[in-house]
Every structure is written in C-alpha cells, then in structure tokens.
Amino acid sequence: MLEALPPHFEYLGSAQDYAADIHEIFTSAPLFEPLDLAETTLLCNFMAVYSAHKNTTLLRQDESPSYMIILLTGSAKALRDNADGKRTWLHGLEPGGTFGELAMLDNAPLRASCVCNEPVDFVVLSRDAFRDVLLTLPRLGNKLLMLFLRAASQRLQLTEAWLPESG
C-alpha cells in the first residue's frame, strides 16, 4: 500500500489514463526508452499521476520513501544538504527522469532531495506496486530491474568522476 503522499501533491488520476502520453515521454528518456508501448501500458496499471507546484520538495533527503517518481512535465533538481548547512546541486531532472528508485528498492534513506524548478506532473511507482509487477509480470519486472541497475551504474560512474584520483 502506498504511504500517504504529501497533501501538496495533487492527484490527477491513474497513469493508465495517460499511458500514450507517458510512453511518448519514455521514448526520449534513456532509462525507459527500451520499453515498448505494450510494456509502458502494462506498467501504467501500477502507477498514479500527480502534480506539484514550483519549489515543492518531491522527495526529501534522509527519508526512506516507499515510492519513486518519474517526471512527466517540467523540471526538477537533485540537491544534497551538507553537514555545514550548504545545499549542493547534483543534477537536473527533465521529463522521463527518475528519483528515488534505489531508495524504493533497498529502503535506504535518500542521499539527496528532489525539488521542482517549476510546476511538474509526475508518476509514482510504489515499492508494493513494483513488487506486484515482479510477481505478476516477471518479464517486465526483470526488465525494469535491469534498467534501474543501469541507472545506478551510471550514477556511480558520475560520482567516481567527481572523486579525486588516489595516487
């Protein structure tokens, strides 16, 4: 069951109602580009669409959400609050961008927050819904796991590029 989402998220309906539009966004999103229309439509049965206003925090650092978000419209940014109180910009999110998928999978606290730059629409995939995809649609679930693993690998490579070389 999906935990209560913040009250400032406006529920727009089942993702199934937007499946064709979501698939169009996925075709230009590196993470979801491998999904065909039938797979996107199946996945939409397990997701809901929400909107949020500019400057809304979609997911908060140090919390362990039971869901991930996929941006459909607008833009957002990943920000990390440092121990000294400063906020560091990590990367931007455009339509098709995801946030929180690793925390959703491993139940670990987020290492950054996701904040809207402008009004956004996004879909939510909960941990329970993802588990249901794995159980009822194992081929699609395994494909999603591989896509999430690829995203994690790419983020790790970006992080390593920021680290000083050891010598």
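Residues in region 14-30 that are under 26 Å from K77 (Cβ atoms) and either of a type outside the set (D, E, K, R) or part of a loop (DSSP other than H, G, I, E, B) (or both): A15, Y18, I22, H23, I25, F26, T27, S28, A29, P30. Only residues that are surrounded by 14 or more Cβ atoms within 10 Å (Cβ to Cβ) and among the acidic types (D, E) were counted in region 95-119, giving 1. Is it the case, given these coordinates, that T88 is at negative phi, under 10 Å from the mean Cα position of the chain (by Cα) and of a type in the set (S, T, N, Q)? Judged against the criteria, T88 is not a match. When we screen T88, T136 for residues that are open to solvent by 20 Å² or more (accessible area, probe 1.4 Å), over 21 Å from A29 (Cα atoms) and modelled with pLDDT of 90 or more, the only hit is T136.
Within region 139-167, restricting attention to residues that are modelled with pLDDT under 70 and open to solvent by less than 100 Å² (accessible area, probe 1.4 Å), which residue is nearest to the chain's Cα centre (by Cα)? Per the criteria, the residue is T159.
Here L72 meets the list (1) under 20 Å from M146 (Cα atoms); (2) aliphatic (A, V, I, L, M); (3) open to solvent by 10 Å² or more (accessible area, probe 1.4 Å) almost entirely, failing just condition (1). On the basis of being out of contact with any Phe, Trp or Tyr (no Cβ under 9 Å at 6 or more places or on another chain), free of Cβ contacts under 8 Å to residues at least 12 places away in the same chain, loosely packed, with under 14 Cβ neighbours inside 10 Å and more than 26 Å from Y18 (Cβ to Cβ), does N82 make the cut? Yes. Looking across region 11-36, just one residue is open to solvent by 70 Å² or more (accessible area, probe 1.4 Å) and under 16 Å from M68 (Cα atoms), and that is Y11. Residues of region 26-54 that are modelled with pLDDT under 95 and touching a strand residue (DSSP E or B) at 6+ places or on another chain (Cβ under 7 Å): L31 alone.
Being without any contact (Cβ under 8 Å) to a residue 12 or more places away in the chain and open to solvent by 70 Å² or more (accessible area, probe 1.4 Å) is the filter here; which residues of region 37-57 pass it?
none
Checked against the criteria, E33 counts as in a loop (DSSP other than H, G, I, E, B) and of a type in the set (D, E, K, R). Only one of (1) more than 18 Å from L147 (Cβ to Cβ); (2) open to solvent by 30 Å² or more (accessible area, probe 1.4 Å); (3) assigned to a loop (DSSP other than H, G, I, E, B) fails for Q61. Which number is that? Result: Q61 fails condition (2) only. The set of residues in region 75-129 that are acidic (D, E), more than 22 Å from P34 (Cβ to Cβ) and in a loop (DSSP other than H, G, I, E, B) comprises D84, E118.
The values are calculated or read from the model by the stated rules, or taken from the named source; none is laboratory data. This structure is a prediction, so every number in the text was calculated from the model and none was measured. With ideal geometry, Cβ positions are generated from the backbone for all residues, glycine too; neighbour counts draw on all protein chains shown. Accessible surface areas use protein heavy atoms only, side chains included; no ligands, DNA or RNA. Shrake-Rupley method; radii C 1.70, N 1.55, O 1.52, S 1.80 Å.
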